[in-house]
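**Student:** Before we start, here is the structure in question, set down as structure tokens.
Readers should treat all values here as calculations from the given coordinates under stated rules, not as data from a laboratory. A quick note: this is a predicted structure, and the numbers were derived from the prediction, not measured. Quick reminder, even Gly has a Cβ in these numbers, built from the backbone with ideal geometry, and neighbours come from all protein chains shown.
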Amino acid sequence: MDQTITTSAPAKLILCGEHAVVYGRPAIALPLPGIRARVTLSDGVPGSGVVVDARDLGRRWTLAETPDDPLSQLATDLLARFDLGSAPDLLIMIESDIPIASGMGSGAAVASALVRALARRSGHEPAPAQVSDLVYQSERRLHGTPSGIDNTVIAFEQPIWFVRALPSGTQPDANPTTQNSTPNTQNLISPLAIATPLRLLIGDTGLRSATHEPVGAVRRGWQADPARYEPLFDAVAGIAIQVRALLAAGDVPALGPLLDENHTLLQEIGVSSPELDRLVVAARQGGALGAKLSGAGWGGVMLALVTDATSAAVAEALRAAGAVRVLETTVG
Ligand code: PMV
């Protein structure tokens, strides 16, 4: 009997605190429930083994042929973990509305949906913390030393305050092999209160950026000159603390200047780009309350905080400044 299973997971947006979060400072991340990745699992043709069909990537492959692909590795681990046999005849279809390599968590969302689908096939409904941990292992293969914020906000699908637990006695990311195997369980993760919904526009530069590149550049910069980077990370942390208080109080207008300030700090950290800066400036000139890059930077997306009255004009300004797409979302 064919047992078709469909699961999904949302995109995410980092409101503030990216990069500094890798160094143990707090960050705030939001799920975007309307923008999702989906996995559909069905019986494969007898003898096919596990076939992955990722239409949006224009790719179809088998686990046997491409075992080193990070998604193949995750699927192989999950088949073992959920006792599904090493090479069942299975078709894994992946579809996603989330722009790839743009700071919106596309990889973590696909991985979360895959964990849920394979778990369900074996009769399990995994808790968000388990999904998050399994996705984290997969993200490490891709990004080396992710903070864990992406897998957490996507697996829990709620706005979070996130503080990464740093391995004791080690410098953050200096030696990833010294991290314990399930660092997610040590992180501080709190649901975030948002008293007044936030209206956000997401402007996509259209430039794809592999997270590990800017993250690696920051790490090299920090290793060479910690005295320059530590105060920048502390300043980002100070913003995150203020943003959390304003979200709880429902003071949306006061958030704008803090987002602007966070963008300036990210420029100083060295992860913005001319394209991101152009969109950020255009959003402010178009009437946004504040704007900043979101995610790893060097491309990908930026966010603008808008109101009902300014949303259309800001979207227009973003398109005129080169945004290849503008998404709108309300959070909280
Ligand atoms: O994957 P992105 O583009 O959302 O970036 C992740 C956020 C960083 O703080 C830059 C890295 C991390 O692991 O937290």
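**Student:** Tell me, what is the percent relative contact order of the chain, built from C-alpha pairs under 8 Å that lie six or more residues apart?
**Tutor:** 21 percent
**Student:** Can you give me the long-range amide H partners of Ala54? Hydrogens built in the peptide plane at 1.01 Å from N, cutoff under 5 Å, separation of 5 or more residues or another chain.
**Tutor:** Arg59, Arg60, Trp61, Ile94
**Student:** Amide H to amide H under 5 Å from Gly105: which residues, 5+ apart in sequence or cross-chain, H placed 1.01 Å off N in plane?
**Tutor:** Amide H neighbours of Gly105: Lys12.
**Student:** Stretched out fully, how many nm does the piece from Asp43 to Ala224 gain, at 0.36 nm a residue minus the Cα gap? Display every interim value, and only then the final one.
**Tutor:** Working: separation 181, 0.36 × 181 = 65.16 nm, distance 5.25 nm.
Full-extension gain reported as 59.9 nm.
**Student:** Roughly what would the spin-label model give for Asp77 and Ala165, points 7 Å off Cα along C-beta, in nm?
**Tutor:** Simple spin-label model gives 1.8 nm for this pair.
**Student:** Just to check I understand the Karplus step: with θ = phi - 60° and J = 6.51 cos²θ - 1.76 cosθ + 1.60, what whole-Hz values come out for the range 45-52, glycine and proline as x?
**Tutor:** 5, x, x, 6, x, 8, 10, 10
**Student:** Same structure again: 5 Å is the cut-off here: which amide hydrogens, built 1.01 Å from N in the peptide plane, fall below it relative to Leu90, excluding neighbours closer than 5 in sequence?
**Tutor:** When sequence neighbours closer than 5 places are left aside, the close amide H contacts are Gly44, Gly49, Val50, Val51.
**Student:** What is the distance in Å between the Cα centroid of the range 81-133 and that of the range 1-70?
**Tutor:** Using only Cα atoms, the two centres lie 6 Å from each other.
**Student:** Helix-only mean residue ellipticity at 222 nm, the chain, DSSP H runs n ≥ 4 weighted -39,500 (n - 2.57), per residue, nearest 500. What is it?
**Tutor:** Details: 9 runs with 126 residues, N = 332.
Helix-only estimate at 222 nm: -12000 deg cm²/dmol.
**Student:** Still on this structure, please answer the following. Compute a Gaussian network model of the chain, connecting alpha carbons closer than 10 Å, and tell me which residue from Ala109, Ala20, Ala309 fluctuates the most.
**Tutor:** It is Ala309.
**Student:** Hey, could you get me the Stokes-Einstein D for the chain, Kirkwood radius over alpha-carbon pairs, 20 °C and 1.002 mPa s, rounded to whole µm² s⁻¹? Provide the component values of the computation, followed by the final result.
**Tutor:** Numbers: Rh = 20.3 Å.
In µm²/s, the coefficient is 106.
**Student:** Could you give me the ³J(HN,Hα) list for the range 304-319, computed from phi with Karplus coefficients 6.51, -1.76, 1.60 and θ = phi - 60°, whole Hz, x at Gly and Pro?
**Tutor:** 10, 8, 10, 10, 3, 6, 9, 3, 5, 5, 5, 4, 4, 4, 5, 5
**Student:** Estimate the FRET efficiency between Asp308 and Ala87 by the formula 1/(1 + (r/R0)^6), using the beta-carbon distance for r and 56 Å for R0, to the nearest 0.05. Don't skip to the answer; put the middle values down first.
**Tutor:** On the way: r = 54 Å, r/R0 = 0.96.
It comes out at approximately 0.55.
**Student:** Ranked by Cβ crowding within 10 angstrom, fewest neighbours first, how are Tyr229, Tyr136 ordered? Kindly include the intermediate steps, with their values, before the conclusion.
**Tutor:** Numbers: Tyr229 21, Tyr136 24.
Listing Tyr229, Tyr136 from fewest to most nearby Cβ atoms yields Tyr229, Tyr136.
**Student:** Kirkwood hydrodynamic radius for the range 198-284: how many Å is it when counted over pairs of different Cα atoms? All intermediate terms of the calculation are to be shown ahead of the outcome.
**Tutor:** Numbers: mean 1/r = 0.0688 Å⁻¹.
Evaluated on the range 198-284, it is 14.5 Å.
**Student:** Just to check I understand the Karplus step: with θ = phi - 60° and J = 6.51 cos²θ - 1.76 cosθ + 1.60, what whole-Hz values come out for the range 269-284, glycine and proline as x?
**Tutor:** After applying 6.51 cos²θ - 1.76 cosθ + 1.60, I find 5, x, 10, 7, 7, x, 5, 5, 4, 4, 5, 5, 5, 4, 4, 5 Hz.
**Student:** On to the next question. Working only with C-alpha atoms, what are the Rg and Dmax values of the range 234-332, expressed in angstrom?
**Tutor:** Considering the range 234-332 through its Cα atoms, Rg and Dmax are 12.9, 35 Å.
**Student:** What is the distance, in nm, between label points placed 7 Å from the Cα along the Cα-to-Cβ direction at Asp234 and at Ala195?
**Tutor:** Distance between label points: 3.0 nm.
**Student:** Working out 0.36 nm times the residue gap between Arg141 and Thr62, then minus their Cα-Cα distance, what length gain in nm do you get to one decimal?
**Tutor:** Values: separation 79, 0.36 × 79 = 28.44 nm, distance 1.91 nm.
Length difference between fully extended and current span is 26.5 nm.
**Student:** What length, rounded to one decimal in nm, is gained on full extension from Glu125 through to Ala210, with 0.36 nm per residue of separation minus their alpha-carbon distance? Before the final figure, lay out the partial values.
**Tutor:** Values: separation 85, 0.36 × 85 = 30.60 nm, distance 3.14 nm.
Between Glu125 and Ala210, full extension yields 27.5 nm more.
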